[in-house]
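What follows is a short report on a single structure.
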Amino acid sequence: MSLTRPLATLSFALASALILGGCASTEADAGTAGTAATPAATTVSFSWDRNIAGEGEDPQYEATTVEVPTNPQNIVVFDMASLDTIGALGGEISGAPLDSVPDYLREHLASEAFNAGTLFEADLIAIEAEQPDLIVIGGRSAALYEDLSAIAPTVDLSISGSFLETLERNTEFLGEVLGAQDEAAAALADLEAGIDDAQAVTADAGTGLGLMVSGGKLNAMAPAGADATGRNARGGLIYDVFGVTPVVEEIEAATHGEPVSFEFLLEQNPDYLWVVDRDAATGTEDAQAAATVLDNPIVKQTTAAQQDQIVYLDPTAWYIVFGGITTTQLMIDDVLQIAE
């Protein structure tokens, strides 16, 4: 598996860190003489470096630690990857930006789940009225920390380090919070095996190019490298996680990739095109489908087109969520298409 550190190694390292750093703690009140002992609630500590700089300022990080109650009954989630993992581990979501929850994750919402706002703006009044036990943010919603932490314990599960390091860290943490450590370990083992299978397939697939299509225009994606916290976290996954050999290295790393032309595709001529339809992911009205955009005489001259090797990736999984247990399996399945 062509990763910096395999998941099994990461598990060992994380377990060691938890033991040495005391990241998880159980608190109990032993009581006093003649008084029956009353156990206090169990908590799990979560630490991360939080960006405290204002909008438009250079990042300035502050170490932040939050004590999270185990087995929370009322969870509000703004991060879709975390919503995915919580649901996959048996948890239920009481509140979320309901308009942004993908159809395949809606089964994890409580029957009376309330709308907590949007991915960028929280409905603080509604959230405070529901008195949640835990609030989870990440990515687009990370800037909401100050306001939300005043209501309930709030943790930021944004990507930190590589995609796989983040996936493991967050899955193990949420498994501990939910009392589902065994389920978390089993899920990670299954995903590791699936990624191994996908990498074995791409190893023999020649070169590839990650391509984002939006508004009828093309953007080439670049590998993000070991640190996926940058703006290219989404697009680089096809290379960094799934082992696709990039047809060209000199691509600008950016949120939506580097703008390129149809002629660029013909000039570079990758064996495979790995395509994300951003307009489909965001629900843009009256947008041309990516397949329609790429159905032109220039693209038809490429090896990818002539060999029927243009792969359309699940746009919601790769652009909106791009993390979590179920979504990572969807991504694995997308890559394994080429082995069929």
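For the ranges 138-151, 297-310, what's the packing order if you count other beta-carbon atoms within 10 Å of each residue, average per peptide, and put the highest first?
Per-residue Cβ counts within 10 Å, averaged per peptide and sorted highest first, yield 138-151, 297-310.
Tally Lys/Arg at +1 and Asp/Glu at -1 over every other residue whose Cβ is under 11 Å from the Cβ of residue 333; what's the total?
The answer is -4.
Tell me the per residue accessible area of region 105-230 using a 1.4 Å probe; a whole number in Å² is fine.
Here the per-residue accessible area is 41 Å².
Over region 32-171, with every protein chain in place, what whole percent of the accessible area is carbon and sulfur at 1.4 Å, could you tell me?
C and S fraction of accessible area: 45 percent.
Tell me whether region 152-226 comes out rounded, prolate or oblate; compute the Cα gyration tensor, take square roots of the eigenvalues as a ≥ b ≥ c, and use a/c under 1.5 as the rounded threshold.
oblate
The values are calculated or read from the model by the stated rules, or taken from the named source; none is laboratory data. Keep in mind that this is a model prediction, so the values were computed, not measured. Neighbour counts are summed over all protein chains in view; Cβ atoms, including those assigned to glycine, are modelled from backbone coordinates with ideal geometry. Ligands, DNA and RNA are stripped out before the accessible areas are found, and what is left, the full protein with its side chains, is counted by its heavy atoms. Shrake-Rupley method; radii C 1.70, N 1.55, O 1.52, S 1.80 Å.
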